[in-house]
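Contents: one structure, followed by commentary.
The values are calculated or read from the model by the stated rules, or taken from the named source; none is laboratory data. These numbers were taken from a predicted model, which means no experiment stands behind them. Cβ atoms come from the backbone with ideal geometry, glycine included; neighbour counts cover every protein chain shown.
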Amino acid sequence: MLDLGSAASALLRDHPDLADAVIPAWPAIGRRFPPDARDQWLRACAAMADAALGQTCVLAYLRGGLACAEIIGPDPVIDLGDTAIALGRTAGVRAAQALLAAAPKAARRLGTPSRFREWLAAVERLAPMAPESMAPMLDRTEGLLAELDPAAFEAWALAGVRAAADDPGRRLAFFLLSTRESLRALHREADDLAFSAVERRLKAYLAALWRLRAPVRHAKADAAGGVPRRASFSDGLVWMPETFRGVAGQRAEDLFRASLVHIGAHLRHSGPRFPVGSLKPLQLALVSLIEDARVEHLAMRGYPGLRRLWLPFHVAEAGGAGTAPVLMARLARALIDPHYQDDNAWVAKGRTLFFEREDSWADPAISRTIGGLLGNDLGQMRVQFNAKTYVVEPAYRDDNLGLWDFGDAAAANRAEAETVYEAYRVEHAEQDGDPSGVPPEPREADPAERPDRSAPAPDDPEIAAPPVRYPEWDYLIGRERPDWARVVERFAYEGSARSIDRIIDQHKAVVDRLTALVRSAKVSRPAWLRRQPEGDRLDLDACIEAALSRRRGETPDTRVYATLARRHRDLSVLLLLDISASTNDLVRGTDKSILTLERHATALFANTLAELGDPFAIHAFCSNGREEVRYYRIKDFRRPYDAVAKARLAGLAAELSTRLGTALKHAGRILARQSTHRRLLLVITDGEPSDIDIADRRYLLEDARKAVLALSHLGIDVFGIGLDPNGKEYLSRMFGQRNFLVMDRVERLPEKLPALYLRLSH
Amino acid sequence: MVLDEFRINEEPYYRPVSDEVGLFEAAYAARMPMMLKGPTGCGKTRFIEHMAWRLGRPLITVACHEDMTASDLVGRYLLDAEGTRWHDGPLTLAVRHGAICYLDEIVEARQDTTVVIHPLTDARRVLPLEKRNELITAHPDFQLVISYNPGYQSVLKDLKESTKQRFAAIEFDFPAPSVEAEIVAHEAEVPADVAHLLVRIAGSSRNLKGQGLQEGVSTRMLIHAGRLIARGIPLAKACEITLVLPITDDADVRDAFSAAIAASVA
């Protein structure tokens, strides 16, 4: 009899018709999936079978999953199942089948688990937008992915959705690759190098040169749909075009690099903005040009090799038309290229003026002086200059808007101007400056009326759809009041998922440190077990003891071996956040509220956990009397930590009171369904439990204590993190002497929380 | 003498950065247990070698590791034809005969192992050997020194409070650029301008700390690079194989660091 393990047995018990497929494949399954992943996968198969997509899908998942696991490892295969089910729901069974059939080809093309996941996520996002086109598009997966990486694939598909303007017929034609438009979009995506593809390395480059951490934003199209042709910077933010038109491959990367470093030189060496005053456009352009050369020369004093980076873009040649843009491009070249010859008197004069003042290059005022002089000369030469069509040359230079102070009116005009809090910072390695939190997102009046697209299906065992009642412990009468408090699960408000990504960016240094910790925690480190009855080497100490005993005439201990064992992580954790109204209070000495810090901490926590691979959930609660303990699920155990979870985290808002005990019971009930060896419930709270209908301070405290005790009987460890520096007494009453921690410096919560988790789980 | 092989006869090169030599001499005069803190490759081990030479004391170094037991430090019974024979461990050797015992990277050892040093590091200055039923009073010349890299591992691995508080600490960091260049020039036998360039390159890697690098390039790595340059390897290649490739596997960070090196070279 084949030993199938519990997951497989359960699958075959519920779906006996799959035996013909599973049993013959069993040896292959064992080869491709390590036991943990295998059970997870088989559960995913069961979920697929339950999702009523038909047996074809389940069989395709079994076959396709095996093939994928061979190429990219077992984990992404689980995600494949989730995506297929989601796709079946949004785009129909045929699309799900197409996905499963396409998956092994995609895996071969994409090669790595992360790229494969990106592709899955892109498909899942597209499905609701173009349900009718999913199946035909997925049938063409191989050809598409031969041209496009997952990001470009999504960009191409989105272009199709947009171009079709809600006309399913046109959309289908686009995805069948039967329109010229579609092919052109395909080639554009495949050709032009997008800044995001090289963003990380270029930002690191800037940090390496000057410790500059400039937030880079993608320059948006203007109101007329015109794509920006030059990079730009203002108030410490850098705006980079997503692509430089017509520049591809290595040259595009060089251009992005040259451009970003040029802006870095500005950030490093340009002073405060020049007042525009009465300067004419031509003078503005010339002062900017001299300023460009000045900061580049200062940068090259430290890094002479930068000349090699910028020089190839200076292609202006002596001679030719004497229009202003041409002369200016020639002057720009004359100022950086010592071998460039130009006999034009104006260019020569500019060169002399500039190099005569080499000793005072450190002073931005010289740009103003030289630029002014050259502007006058050019004005007298009556050359043409059209400020409307003028574009800075060479292409790597920015539009220089960041150099000028146009007064208040113009600054307000810059629609995309972001608040100053994101201004660049000169980093001091460890102290990761932590500017104010995310601005609150607009909220809707009653979110409960708003159906949540991504909510789990009602048959999801984690959803407690009808309100649940819990007893409450009354210490005065010494017994429980049955069915006393009611938990109402509500859909979480959604904020902007990107704001959470930005939090991660802000805490880059902490994240890096945590990644290293995760790595060391994840690799289950081998440990020597000594004094074993058998093992792969002698335990010297035990041998000597045994010899000694023998000489003393005692019976020696025969356990003289040592063996190497690996410990596995088997742990799930639920993070429960207190979002009562008091979390709106600002933390002393900072401009952030407690909730903001909770959000930062949770973002880092979730980021760490997602990397670590421990199953985790994030829930939040507040209460409005015993009839309404509101409970929000930011992220459930079974859902990935994705944009939806991030959006919900961003959307958390502080309100109402803290009926902790009931929330603990509800969280414990969800956590109890996890089948891991250890189950940990981490609670972050900022004060003692309270609610509007309770006057006796001790009542809710005792109920919470009772709840913690009951959970520990179920084998769930509850650990409390208190943000109230005076909370020692009641926290130890609720959580027990050793199972709580008081954060005396609340502003350090974000970095402490993930580290604390790693220590608790170690 | 028992410890002759542990004596240091030639002066190990050490370039003082501030007053650490004087501080250590005073601490030794008081036989105070010392902790040397600082990132890897900044000269802690070289410093202790230099001080042992300067003070004319033998130096016994133990590289600590996770699997180390207390027996590995204090000693154990071994078997021979006659019966059992006690064999002093490195710590016992130093305590008995008067050496400086240097426990390198002490956090790597398990916390229960490190408690054996407690009786040595307070007023008692004794080492009890339970298995032999012996109590050794430390030789007057004995001093205990540990090194400790307060890097990223400090969350999972840290010294016990009760251990930490027994030591006085000297903090080391990478020296100021001019001093570091002097050290690189001396150790790698390269001209001063090459050494300065290498130190500038190290600076850009240290800027990347927290941006994908755990630690920046250490002085030790620079000396490696310098040694290859002194043997005729071109600078770019030498930096690639001694600095860029060892320090990270992250392609983007590697690219950024290589590009910064290229930018530093005229």
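Take the conditions (1) polar (S, T, N, Q); (2) within 14 Å of chain A (Cβ to nearest Cβ); (3) more than 30 Å from A:L760 (Cα to Cα); B:T219 misses just one of them, which is (2).
Counting the residues of segment A:336-364 that are at pLDDT below 90 and among the aliphatic types (A, V, I, L, M) gives 1. For B:V17, the requirement of being loosely packed, with under 14 Cβ neighbours inside 10 Å, among the β-branched types (V, I, T), part of a loop (DSSP other than H, G, I, E, B) and more than 14 Å from chain A (Cβ to nearest Cβ) is not met. Those helices (runs of 4 or more DSSP H) of segment A:1-110 in which 3 or more residues are of a type in the set (D, E, K, R) occupy A:19-32, A:35-50, A:75-91, A:93-110.
Please work out if B:P246 is more than 18 Å from B:D173 (Cα to Cα) and either within 14 Å of chain A (Cβ to nearest Cβ) or over 23 Å from the mean Cα position of the chain (by Cα) (or both). It is false that B:P246 is more than 18 Å from B:D173 (Cα to Cα) and either within 14 Å of chain A (Cβ to nearest Cβ) or over 23 Å from the mean Cα position of the chain (by Cα) (or both).
So which residues in segment A:187-206 are modelled with pLDDT of 70 or more and either out of contact with any Gly (no Cβ under 9 Å at 6 or more places or on another chain) or away from chain B (no Cβ under 14 Å) (or both), if there are any at all? Answer for segment A:187-206, where residues must be modelled with pLDDT of 70 or more and either out of contact with any Gly (no Cβ under 9 Å at 6 or more places or on another chain) or away from chain B (no Cβ under 14 Å) (or both): A:A194, A:F195, A:S196, A:A197, A:V198, A:E199, A:R201, A:L202, A:K203.
Here's a check for you: in segment A:207-232, which residue that is within 14 Å of another protein chain (Cβ to nearest Cβ) and within 23 Å of A:S499 (Cα to Cα) is modelled with the highest pLDDT? Lay out the reasoning, then the answer.
We begin by selecting, within segment A:207-232, every residue within 14 Å of another protein chain (Cβ to nearest Cβ); these are A:207-216.
Now restrict to residues that are within 23 Å of A:S499 (Cα to Cα): A:207, A:212-216.
Numbers: A:A207: 89, A:L212: 84, A:R213: 81, A:A214: 77, A:P215: 81, A:V216: 82.
Per the criteria, the residue is A:A207.
When we screen A:R705, A:R738, A:R698, A:R748 for residues that are over 27 Å from A:E480 (Cβ atoms), of a type in the set (K, R) and out of contact with any Pro (no Cβ under 9 Å at 6 or more places or on another chain), the only hit is A:R748. Which ones in segment A:613-648 are buried (at least 23 other Cβ atoms within 10 Å of the Cβ) and either over 19 Å from A:R490 (Cα atoms) or outside the structural domain of A:G661 (by TED's automatic domain parsing) (or both)? Result: A:F616, single match.
Here A:V468 does not fit the description of being touching a helix residue (DSSP H, G or I) at 6+ places or on another chain (Cβ under 7 Å), at pLDDT below 85 and within 10 Å of chain B (Cβ to nearest Cβ).
Among the criteria (1) surrounded by 13 or more Cβ atoms within 10 Å (Cβ to Cβ); (2) closer than 17 Å to A:D724 by Cβ; (3) in contact with a helix residue (DSSP H, G or I) (Cβ under 9 Å, 6 or more places away or on another chain), the one A:A562 does not fulfil is (2). Exactly one condition in (1) crowded, with 22+ Cβ neighbours inside 10 Å; (2) away from chain A (no Cβ under 12 Å); (3) assigned to a helix (DSSP H, G or I) is not met by B:V190; state its number. Unmet for B:V190, out of (1) crowded, with 22+ Cβ neighbours inside 10 Å; (2) away from chain A (no Cβ under 12 Å); (3) assigned to a helix (DSSP H, G or I): (3). Of A:L374, A:L401, A:L353, all but one fail to be buried (at least 21 other Cβ atoms within 10 Å of the Cβ), more than 30 Å from B:S205 (Cα to Cα) and aliphatic (A, V, I, L, M); the exception is A:L374.
Keeping to segment A:335-391, report how many residues are assigned to a loop (DSSP other than H, G, I, E, B) and either within 16 Å of A:A285 (Cβ to Cβ) or free of Cβ contacts under 8 Å to residues at least 60 places away in the same chain (or both).
21
Condition check: away from chain A (no Cβ under 14 Å), assigned to a loop (DSSP other than H, G, I, E, B), of a type in the set (D, E, K, R) and farther than 23 Å from A:R211 by Cα. Does B:R166 satisfy that? Against the criterion (away from chain A (no Cβ under 14 Å), assigned to a loop (DSSP other than H, G, I, E, B), of a type in the set (D, E, K, R) and farther than 23 Å from A:R211 by Cα), B:R166 qualifies.
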